[in-house]
Structure formats: structure tokens, C-alpha cells
1. Just checking, how many residues over the stretch 145-175 are closer than 17 Å to residue 102 by Cβ and either surrounded by 21 or more Cβ atoms within 10 Å (Cβ to Cβ) or touching a helix residue (DSSP H, G or I) at 6+ places or on another chain (Cβ under 9 Å) (or both)?
2. For the stretch 133-162, what are the residues that are modelled with pLDDT of 90 or more and in a loop (DSSP other than H, G, I, E, B)?
3. Can you name the residue in the stretch 71-97 that is touching a helix residue (DSSP H, G or I) at 6+ places or on another chain (Cβ under 7 Å) and within 19 Å of residue 4 (Cβ to Cβ) and, of all such residues, is surrounded by the most Cβ atoms within 10 Å (Cβ to Cβ)?
4. Could you tell me how many of the residues in the stretch 98-110 are farther than 18 Å from residue 150 by Cβ and in contact with a helix residue (DSSP H, G or I) (Cβ under 6 Å, 6 or more places away or on another chain)?
5. Scan the stretch 177-212 for residues that are in contact with a strand residue (DSSP E or B) (Cβ under 8 Å, 6 or more places away or on another chain) and more than 20 Å from residue 42 (Cα to Cα) and report the count.
6. Cβ contacts < 7 Å: first residue touching a residue at least 12 places away in the same chain (Cβ under 8 Å), restricted to the stretch 65-79; second residue exposed (fewer than 13 other Cβ atoms within 10 Å of the Cβ), any location; separation 6+ or different chain. Result?
7. Just name the residue that is farthest from residue 45 (Cα to Cα) out of those in the stretch 71-113 that are modelled with pLDDT under 90 and touching a strand residue (DSSP E or B) at 6+ places or on another chain (Cβ under 7 Å).
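The values are calculated or read from the model by the stated rules, or taken from the named source; none is laboratory data. Predicted model only: the values in this text are computed from it and were never measured. As a convention, Cβ positions derive from the backbone with ideal geometry for all residues, glycine included, and neighbour counts pool all protein chains shown.
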């Protein structure tokens, strides 16, 4: 299958601290790839290097055959990005933010249909600042999808959502995947990873400690449940980060 995201021997350090080391990732079209690990394990740095917002020290990155450093404008016509934290003007309304976002792209999706799909149809005229945390999170996903991307990056996509809303988001993303969307996501919810991800990478101190399917991760561990297996792979790092 065609590799839409290709990463080879990716390395990045800050001063004397290694953020990520020798990462190899291949994500095919219509796949959902999960990048997992404790806070500080290197997930954000990996995504920033893949997107080209941070320059790697060494290694090769391509998205749909393009270099994110050199082909930034062309690439971001075809890539959507949702970050866990985003700041907008205090009084801007949902409709205004969607319209501004849509105006930046040649073939945007109908944002009203997206808002309906993600349960925000009644918030068109609401100021973004007045949305609940869960509603903002769903809006950020909508904004990432407005460009009609072929690839989308989602960071902790269902943080702040209740159980029903989380499952509704999963269903919407599964439908988009069936229509050809490729997704790279980060998540701390193991049930979400099990439900959505075709392949995963688990990072520990900037290095890959597992790469493959959820089922393979369980089979390679001493445990029968994925959440237990994940904790086994990240043992030590999770405890270290509890005190930070």
C-alpha cells in the first residue's frame, strides 16, 4: 500500500537532551496511526518534525511525497491539523471562525455539515469563548477537517468529552477514514486507540519501544488487556512524570 506519511531515522535534540531518536514510521492511505506515550515521551516533537514546524537534526520526513520543510504551502492545502490547545479572538463566533478557515482553502468542506456531524449545529452564532471544553475540542476537530484534507493530525482529540460524545467522534472519524482520510493521532485513552487505530507506536524517552498493531502489542506483553500492556511498555516513565 502507498505510504502517505514516511519517517526514516528521525532524530531531534534540544541542548543536551534527546527528544526523539531514530524513529521510523510508515502510515498508509486510509490508516489511523496512533502515537502513544507518557507526557514528555516525544510525541509532540515527533509531530512537529513531521509537519515541518520544527526542523529535525537528522532523518527524512515526507507527507504525500512532499518535504514539509520545502513544500509547506502546497502541503498544507492537503493537510489538516488539530492541536489540543488553540487560542482565538475572545469575541469571534463559531460561524466566523469557520468562514475564515474555509476562506484559506481552494476546496473546503461545508462547515455547517461538519458542525452538524460533530453536534455543534446549534452553536453557529455562539462566541467560541463561551463553548464548554468539550464543545471547543469538537470545534477544533471541525476546523482541522474544513480544508478537506487527505491527511489530518489530531492531538488528544477527545479530551474533555463525555462517553457518548467520544463515541460519536469515533464514528465520524471512522466514516471519514472509509472515504479515504489518513489520520495520525495522539491519545491517552486506550479504549480510543483500540477502537480507531490500525497501527501504533509507543514512545518511551524519545525512542520507540513498540511498533505494530494493538493486538501485536498485547501478544508481545505478559498481559491480556491493551491498557495493561501499554503501562508495561511505558513502565518507569509514567511514574517519573507523575512527580513533574
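1. 5
2. 146, 147, 148, 149, 150
3. 80
4. Residues that pass the stated criteria total 1.
5. 5
6. Close Cβ pairs (under 7 Å, with a partner that is exposed (fewer than 13 other Cβ atoms within 10 Å of the Cβ)) amount to 69/55; 77/106.
7. So the residue we want is 91.
Rundown of residues vs (1) farther than 20 Å from residue 185 by Cα; (2) buried (at least 21 other Cβ atoms within 10 Å of the Cβ); (3) at pLDDT 95 or above, yes/no style:
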position: 5; (1), (2), (3): no, yes, yes
position: 8; (1), (2), (3): no, no, yes
position: 13; (1), (2), (3): yes, no, yes
position: 44; (1), (2), (3): no, no, no
position: 53; (1), (2), (3): no, no, no
position: 58; (1), (2), (3): yes, no, yes
position: 64; (1), (2), (3): no, no, yes
position: 69; (1), (2), (3): yes, no, no
